1. Expressed as a whole number of Å, what is the distance separating the alpha-carbon centroids of the stretch 50-112 and the stretch 1-38?
2. Can you work out the FRET efficiency for the pair residue 83 and residue 4, with r the C-beta to C-beta distance and R0 = 22 Å, to the nearest 0.05?
3. To the nearest 10 degrees, how steep is helix 122-133 against the longest Cα principal axis of the chain, on a 0 to 90 scale?
4. Above 17 angstrom, tally the Cα pairs of the chain and express them as a % of all pairs, no decimals.
5. Against the longest alpha carbon principal axis of the chain, how many degrees, from 0 to 90 and to the nearest 10, is the axis of helix 41-51 turned?
6. Give me the angle, in degrees from 0 to 90, between the Cα long axis of helix 2-35 and the longest principal axis of the Cα atoms of the chain, rounded to the nearest 10.
């Protein structure tokens, strides 16, 4: 039973990170769609994934790093997952597993945002293409 709960915890963390990544990918695609209304949604989507595979790869590395760190903490700090963590600057205490899921959403969103900021190519590609057409 403990193994099933552990697998489920890591699954929740993985899904939370993917949700965080998709929040940012969705925001970026909406912004690109507004900036280039003459492009179809299919063109925007294919252009994004064609040019942003590197930022998505970095997000995948962030997912693996978070799962690894979570596993290391669980291995070297047995029993800690049963304790409550207090959120800084508040009096709210949450279970360790829930904290991992919350952190996963934040890491997923922020990691994709940083990767897109430093590796983003789709917007620049569209701008360059639009400038050549004019």
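Read the figures in this text as sums done on the coordinates, not as results from a lab. No experiment lies behind these values; they were computed from the predicted model shown. Cβ placement follows ideal geometry from the backbone for every residue including glycine, while neighbour counts extend to all protein chains displayed.
1. Answer, in whole Å: 13.
2. Rounded to the nearest 0.05, the efficiency is 0.55.
3. 0
4. More than 17 Å apart: 64 percent of the Cα pairs in the chain.
5. In the chain, helix 41-51 runs at an angle near 70 degrees to the longest axis.
6. Computed tilt is about 20 degrees.
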